[in-house]
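The block underneath contains the structure these notes are about, expressed in structure tokens.
The values are calculated or read from the model by the stated rules, or taken from the named source; none is laboratory data. Source: prediction; values computed, not measured. No Cβ is skipped: glycine too gets one built from the backbone with ideal geometry, and neighbour counts run over all protein chains shown.
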């Protein structure tokens, strides 16, 4: 089966007047798609990324479309840079309404061949980075008694796939982090949820993964294709908006359930 991509959605002003911070938002993946969708829904956006040139290009692209956007270089494995990101957003917007933790690092290696450095690098970016950004955002949001955090997890946190033990462990950790922090944050009026995509199409994935594996994974999807990054971003928009006002601690699968 090969399902065609649905039409790109029109804006509904779901985030009108909100301010959003998004990590790993440069390039062509879920991060930039989320930044673009947030801006289209009326939000001011602070993009962060490790790659300064790509970050500036992403911000410029949003500016060219008339959106309010800024960028801050940030390595989520470094606490001082995470704090600088939050401080920059606070200075720019006054209040951070929404934090989207998108930064992650993958790879392919069977555990018996994996070096400690591979394991630690994936966990430090994907899990520890999400923890650092969540912690910093919570400290800001608690003072305001409001806010939303959306983490990017993965269905691989639930399912088994050879060569992915480090990434699966990190994403399962993101899910657990989401659930626990949601309970802690609820008394402050803050919601914490996660999206768990299965297979999203973007060029970076094609650079770091075996083409035959990608082809097989895509064929196993019920729609016969991977998700477009903006299709994942749409679910992030829902979780960030008031439409999901009674949801917290949830990990929402963005998947056709067969991968």
Requested in this report: Mind listing just one residue for me: the one in the stretch 129-151 that is within 15 Å of residue 25 (Cα to Cα) and outside any helix (DSSP H, G or I) and, of those, farthest from the chain's Cα centre (by Cα)?
Outcome: 150
Query - Residue list for the stretch 151-183, filter: at pLDDT 95 or above and out of contact with any helix residue (DSSP H, G or I) (no Cβ under 8 Å at 6 or more places or on another chain) - result: 176, 178, 179, 180, 182, 183
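Residue by residue, here is whether (1) touching a strand residue (DSSP E or B) at 6+ places or on another chain (Cβ under 7 Å); (2) closer than 22 Å to residue 148 by Cβ holds:
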residue	(1), (2)
4	no, no
34	yes, yes
39	yes, yes
56	yes, no
72	yes, yes
96	yes, yes
104	yes, yes
Report task. Out of 147, 157, report the one residue that is farther than 30 Å from residue 93 by Cβ and touching a strand residue (DSSP E or B) at 6+ places or on another chain (Cβ under 7 Å). Result -> 157
Query - Residue selected from the stretch 64-91 under the condition touching a residue at least 60 places away in the same chain (Cβ under 8 Å) and out of contact with any helix residue (DSSP H, G or I) (no Cβ under 7 Å at 6 or more places or on another chain), by the criterion nearest to residue 155 (Cα to Cα) - result: 85
Query raised in the report: Does residue 53 satisfy being loosely packed, with under 15 Cβ neighbours inside 10 Å, without any contact (Cβ under 8 Å) to a residue 24 or more places away in the chain and more than 20 Å from residue 152 (Cα to Cα)?
Result: yes
Query raised in the report: Within the stretch 117-128, is there a residue that is at pLDDT 95 or above, assigned to a loop (DSSP other than H, G, I, E, B) and within 19 Å of the chain's Cα centre (by Cα)?
Result: no
